[in-house]
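Here the structure comes first, spelled out in structure tokens, and everything after it is commentary.
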Amino acid sequence: MTTLQITLLGGLRFQYGENSVDDTSGHSKKIWLLLAYLACARGRTVPRDELADLIWPEGKRPTNLTNAMKTALFRVRASLDNLYEHAGHQIILCQGPGYAWNTEIPVQVDMDEFRALCRPERELEDRLRAVRMFGSGFLPKLLDNPWAARTAGELAELYMRTVMAVLPLLEEQRRWKDVAALCQEAAQRDPLNEELYCRRMSALLHLGENRNAALVYEEMNQFFLSQAGILPGEEAQAIYRRASSSTGSGAVASAAIVDQLAEAPASGAYFCEYDVFRAIYRLQIRDAQRSGEETSLAVITVAHKYGGELSRRSLDLVMGNLLRLIPDLLRQGDAVAKCSASQYVLMLPRADFQNGREICKRICKAFARQYPHSPATLRVTVCPQLNPELASPPQAAGF
């Protein structure tokens, strides 16, 4: 007897011999949702009320629920008739107060196979097969339904547990290409999982792809800042430094080094990544301690003008506007970096506390003048860094 193949990962599909039906056809989401639910509930009769709760949210049930359910189940069965004649009535059975999947028809379900292959006792290749078959996850077109979303979340957790379990095994076997590829794929589903980036960068270093490893870090750094307002941890930074360092043994001509370090002519403050800013700041403080000159640090925070929080779209727009505004209002020797999703940090060499406040007031006035209808306001904190020989430096102050 032909086995009915049911696909739930990456989309909904029923295959019987050469005939198939899937969720790309013209049926409504309710029909596909009922089909998927009954397929997952094989072995028990599902009451009509349970099916009604699945497809109609509380308070939105039709007036004549009985007739509505009969119509929905008629369409569910009709959708399966494309597999073979009368398939719908043979596969979906009416049993007393509900409906049941006919367990006498042999089926093979990819979700069941995925769960089985993910078991810790399975061989490495079995678990690799599981993560490869996961695709875009459980019923991606139906995730606006609570049941589908909950099941998708459970399977995604199983997927990630399996990925994190097989990565050390691949590293032990020095299968660096597989490590890099799996980390890249898994990071698309868990994009704030720093361990995946670290393992991928390490794998790329083992493959001699230092530049690609550095690019992974730079992309991660930007993503973490924009989405979560956080910076990569020390491990990621250490790998990045290894990736960025020279690996060649030959000497480089001094003229070439000068040429590499040179900056194209530019006006205004120097904008850089936060890691670079931190290194520049530490060097600047060392120089200030030697010379006795002051260096002020200022943090500009974007906040909602009337309280509450800005939407992500509004925040990104304001931060972009600020980035275009700030550098031209500062000196060439000043530096700017984005330090969180809503903040910029400014380094102001040879500017004392009062000068730092005046510079930031100028930025705030320029922002208000250029964007008078913006829902955002700027909050500023100025932190002086004095000659260490001076006692009791003033506390940071904001406005």
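The values are calculated or read from the model by the stated rules, or taken from the named source; none is laboratory data. It should be emphasised that the depicted structure is a prediction, and the values quoted were computed from it without experimental measurement. Using ideal geometry, Cβ is built from the backbone for each residue, glycine included, and neighbour counts are taken over all protein chains shown. The accessibility values were calculated without ligands, DNA or RNA, using every heavy atom of the protein model including side chains. Shrake-Rupley method; radii C 1.70, N 1.55, O 1.52, S 1.80 Å.
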For residue 339, enumerate residues with amide H under 5 Å from its amide H, sequence gap 5+ or separate chain, H modeled in the peptide plane.
344, 345
Over the chain, how many percent of alpha carbon pairs lie in each 10 Å bin up to the one with the longest distance?
4, 16, 19, 17, 16, 13, 9, 5, 1, 0
For every helix of n ≥ 4 consecutive DSSP H residues, a contribution of -39,500 (n - 2.57) applies; sum these over the chain, divide by its total residues, and give [θ] at 222 nm rounded to the nearest 500 deg cm²/dmol.
-16000 deg cm²/dmol
Aspartates and glutamates with Cα under 17 Å of residue 365, excluding same-chain neighbours fewer than 8 positions away:
328
For residue 222 and residue 312, extending 7 Å from Cα along the Cα-Cβ vector and measuring point to point gives, in nm, a value of 1.7 nm
Check cross-link reach from residue 141 to the lysines: straight Cα distance under 28 Å, and skip same-chain residues fewer than eight apart.
29, 30, 60, 70
Taking the Cα-to-Cβ direction at residue 56 and at residue 82 and moving 7 Å from each Cα, how far apart do the two end points lie in nm?
2.7 nm
What does the highest-first list of 41-47, 10-16 look like by mean Cβ count within 10 Å?
10-16, 41-47
Taking the C-alpha atoms of the stretch 1-121, how large are the radius of gyration and the largest Cα-Cα span, Dmax, in Å?
14.8, 51
In the chain, what % of DSSP beta bridges are antiparallel (nearest 5)?
90 percent
In nanometres, the difference between 0.36 nm per residue of separation and the alpha-carbon distance of residue 245 and residue 126 is 39.0 nm
With Cβ to Cβ distances under 14 Å as the rule, what net charge do the other residues near residue 217 carry (K, R +1; D, E -1)?
-4
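Which order do peptides 93-101, 135-143 fall in by mean Cβ count within 10 Å, highest first?
My ranking of the peptides, most packed first, is 135-143, 93-101.
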Quick check for you: with a 1.4 Å probe and neighbouring chains kept, what is the accessible area per residue of the chain, in Å²?
54 Å²
May I ask which residue of 167, 138, 79 lies farthest towards the positive end of the charge dipole of the stretch 65-204, with charges of +1 (Lys, Arg) and -1 (Asp, Glu) on Cβ and the Cα centre as origin?
79
At R0 = 30 Å the Cβ-Cβ FRET efficiency linking residue 63 and residue 90, nearest 0.05, sits at 0.40
Give me the three principal axis extents of the stretch 69-142 from the C-alpha atoms, as integers in angstrom, largest value leading.
46, 27, 26
Compute the helix-to-body angle for 146-172: its Cα long axis versus the longest principal axis of the chain, expressed 0 to 90° and rounded to tens.
60 degrees
Which net charge results for the neighbourhood of residue 8, defined as the other residues with beta-carbon distances under 10 angstrom from its beta-carbon, given Lys and Arg at +1 and Asp and Glu at -1?
-1
For residue 177, counting only aspartates and glutamates whose alpha-carbon sits under 12 Å away and dropping same-chain residues fewer than eight positions off, the answer is 209
Can you pull the one-decimal nm distance between simple spin-label points at residue 141 and residue 324, each 7 Å off the Cα toward Cβ?
4.0 nm
What part of the accessible area of the chain, given as a whole %, is carbon or sulfur when the probe is 1.4 angstrom?
50 percent
